[in-house]
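Engineer: Handing you a structure now.
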Amino acid sequence: MTTAGRFDRRTLLRRSALMSAGLLIGPTALDRALEASAAELPTGATPFVDSYRTNVLANQTPETNAAVRVLSGMRDLWRTGSGWDNGVVLNQAVLRANVRHVARITGERTADQAKRAFIVDRQHQSYSAIGGLGPLAELYKAGAKAVTGITSAPDGTPPSTVDDKLPPDAPAGSALGAGSPDSALGQVVLLVNTLRGPFASGNPSKYAHQHPRPWRMTQDSTVVPTGETDEFGYPVYDTEVVVAPQLLRQRNLSPVDDAGFPSGHTNALHLACLALAYAIPERFQELVTRAFDLADARIVAGMHSPVDVIGGRILATALAAATLADPQNATLKAAARAQANEYFRQHAVVDLFDHAHSAGTATDPYADRELNAALVAPLLTYGLPKTGRRVAMTVPKGAEVLLETRLPYLTANQRRDVLRTTAVPSGHALLDGPEQWGRLNLFAAADGFGAFDADVRVEMDANRGGFHAADTWHNAITGHGGLVKRGSGTLTLAGVNSYTGATRVEGGTLVAGSASALGKGDVELRSGTLRLESAVRTRSYRQGSGSVLAVTARKGGCAPLTSARPITLAGGSTLEITLEDVPAGAVVPVLAAPVLAGRFARITVAGGERQVQARYSPAGLSVRVLS
């Protein structure tokens, strides 16, 4: 998949600013405090994960089809008529903004973006998803025998029958899409195909809601009864052209068979990406970003509007969770994860996580986490007007399975808390619909908790490898709870945290990756290691025997650890110092507090080649560098 047309940093940040006014990745404490009671399922309704198999074409009502029901937030915006051309706009502000967004994006579209949108339109979605694997993509294609017949947009207007077909030079056994079940990655291929199985179609919901594609509507979202075209043959609004060039025109379908909501391509792209993310969680966030990126190309093409794309994402999120949570697929999903892990390790990927993130942005368009976040955040809601309602976030039944391999060291209930505390704030009709699948923010959830609403205990086992051995939480964690780190693994807190509960290390390593990583509460190091990568301020600090405090002292810097209350050091505790640009003879601060009680039993310098001399005082510790 070519990356031509993917927005550069400046364009991404501009779009983010335009579209995300008032948008937060995860609710604030005020949001949680003000939200009303949780949304309930309709009387007699069965949770989606238990009824997803009702999503077949014969069922086209919320009462008979679980997919139609989870998308029924659309009924707050649009009332389906007796035919495709006589529906009623119920929320003009949202649907007008919806159509105007398409007009603006297609009006700004470059030739490269148009060509990329054509590829997304015609290439098998499960193959397109592979691009989210970055440095692992070519290894995956070889192992899965995955091929495509569409790698570029043809010049001129292609025939309407352009489809992804096996290229004539494809190796024996190759297959379109995710690849061949008869391959070294056959279980992963089967997992992708299963998530995109017989109950995964968006067509029943398209027929049920009958919301037209954007180019069949005026700015006010009323239907243009004729397929009016301009002098070039492009469908038009009353006042402006918003459809893609001819090379992006869809097949000649009748309007009743061509509804826009939900976007089928979006549904398929998210399903394929989430299947790969389950099997290869080392690229979880990148695959989620890939799904958002490619789905947005449906708007760039003029084939769909934001509500269509949001609807496709909601449906895919629910379908992916339901399929992964289905007991019938338990063996398959475990086999796919194990097979992917073993395959990449057999192919000289010693550290799968490091290799999965080894490429720069020149070869991996999703290598920059900051850019990925800037892409995803505005696309969660497309900046569409809010309804103003506040609805408490209740995580849908079974949704925690989506994080099962990405946060394997957490319990199912903890993964649900992660989803709840990173959810999109309420107030959007589609996202607030039944079960609130649309409010799940899987990109943010991959970065750990958004809040500690109670004390969180995390146990990581380094012997199990992968994320069990090491992980990083990037979110800005709020809440009145605290954190207890246990086990032999390493957890890094990298966010601007403001939680007020205590932080306690009982095993392994906890890394403070930012100045406020440890929140605003007390800090206690009972055993294991606490590593401070920035100068940290705490309310109080206590260190137990046998534990290690690892700090970096910098020339001219402040104390790596400053406490507002006493610092207490037990006998047998250790300090490990990394000296950064500190010459011999210099004196650098290490600890600062109103009172320092106790002393370290041992002070070492990382690398072992330099020596320091401790200088204790009633209010802290500094060291003089001897060599």
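No lab work stands behind these numbers, since they all come straight from the coordinates. Keep in mind it's a predicted model, so treat the numbers as computed, not measured. Glycine also receives a Cβ, built like all others from the backbone with ideal geometry; neighbour counts cover every protein chain displayed.
Engineer: For the stretch 291-333 and the stretch 196-218, what is the separation of their Cα centres, given in Å?
Structural biologist: Spelled out, the Cα-based centre of one part sits 13 Å from the other.
Engineer: Using just the alpha carbons, could you tell me how many Å³ per residue the convex hull of the stretch 486-582 encloses?
Structural biologist: 90
Engineer: Under 20 °C and 1.002 mPa s, how fast does the stretch 526-579 diffuse according to Stokes-Einstein, given a Kirkwood radius computed over C-alpha pairs? Answer in µm²/s, whole number.
Structural biologist: It diffuses with D of about 186 µm²/s by this estimate.
Engineer: If you don't mind, there's one more thing I want to ask. Specify the inter-centroid distance of the stretch 519-597 and the stretch 166-182, based on alpha-carbon positions, in whole Å.
Structural biologist: Each part reduced to its Cα centre gives a spacing of 57 Å.
Engineer: In a solvent-free Debye calculation with one equal scatterer on each Cα, what is log10 I(q)/I(0) for the stretch 415-551 at q = 0.18 Å⁻¹, listed in the order of the q values?
Structural biologist: -0.95
Engineer: Hey, another quick one. Using only alpha carbons, build the gyration tensor for the stretch 448-625 and give me the equivalent ellipsoid semi-axes, biggest first, whole Å.
Structural biologist: Semi-axis lengths for the stretch 448-625 are 26, 18, 15 Å.
Engineer: How large are Rg and Dmax for the stretch 290-383 when only the alpha carbon atoms are used, in Å?
Structural biologist: Spelled out, the Cα radius of gyration and Dmax of the stretch 290-383 are 17.0, 45 Å.
Engineer: Turning to a different aspect of this structure: How do 381, 394 rank when sorted from fewest to most other Cβ atoms within 10 Å of their own Cβ?
Structural biologist: 394, 381
Engineer: From the alpha carbon gyration tensor of the stretch 365-431, can you work out the equivalent ellipsoid semi-axes (sqrt of 5 times each eigenvalue) and give them in Å, largest to smallest?
Structural biologist: The three semi-axes for the stretch 365-431 are 23, 20, 8 Å.
Engineer: Ordered by residue, what ³J(HN,Hα) values in Hz, to whole numbers, does the stretch 601-608 give under the Karplus form 6.51 cos²θ - 1.76 cosθ + 1.60, where θ = phi - 60° and Gly and Pro are x?
Structural biologist: These are the phi-based 3J(HN,Hα) values: 6, 8, 10, 10, 10, 4, x, x Hz.
Engineer: Right, another one. Mind ranking 409-415, 63-69 by how tightly packed they are, going by the mean number of other C-beta atoms within 10 angstrom, highest first?
Structural biologist: Packing proxy ranking, top to bottom: 63-69, 409-415.
Engineer: Still on this model: Over the residues of the stretch 58-120, compute the C-alpha Rg and express it relative to 2.2 N^0.38 Å.
Structural biologist: In units of the globular-protein estimate, the stretch 58-120 measures up at 1.52.
Engineer: If all Cα-Cα distances of the stretch 383-473 are sorted into 5 Å bins from 0 onward, what percent lands in each bin, rounded to whole numbers?
Structural biologist: Result returned by the calculation: 3, 14, 24, 22, 16, 11, 6, 4, 2, 0.
Engineer: Show which lysines lie in cross-link reach of residue 206 when reach means a straight Cα distance below 24 angstrom and same-chain residues fewer than eight apart are skipped.
Structural biologist: 386
Engineer: Among DSSP beta bridges whose residues both lie in the stretch 448-625, state the antiparallel percentage, nearest 5.
Structural biologist: 20
Engineer: What is the distance in Å between the Cα centres of the stretch 45-103 and the stretch 422-499?
Structural biologist: Here the answer is 31 Å between Cα centres.
Engineer: Sticking with this structure for a sec: Using Cβ counts within 10 Å as a stand-in for footprinting exposure, how do 323, 194 rank, fewest first?
Structural biologist: So the ranking, lowest neighbour count to highest, is 194, 323.
Engineer: Which percent of the Cα-Cα distances in the stretch 485-532 go past 13 Å?
Structural biologist: Here the long-distance tail beyond 13 Å is 50 percent of all Cα pairs in the stretch 485-532.
Engineer: Okay, moving on. Compute the orientation-averaged projected area for the stretch 317-363 from the convex hull of its Cα atoms and round it to one decimal in nm².
Structural biologist: 4.7
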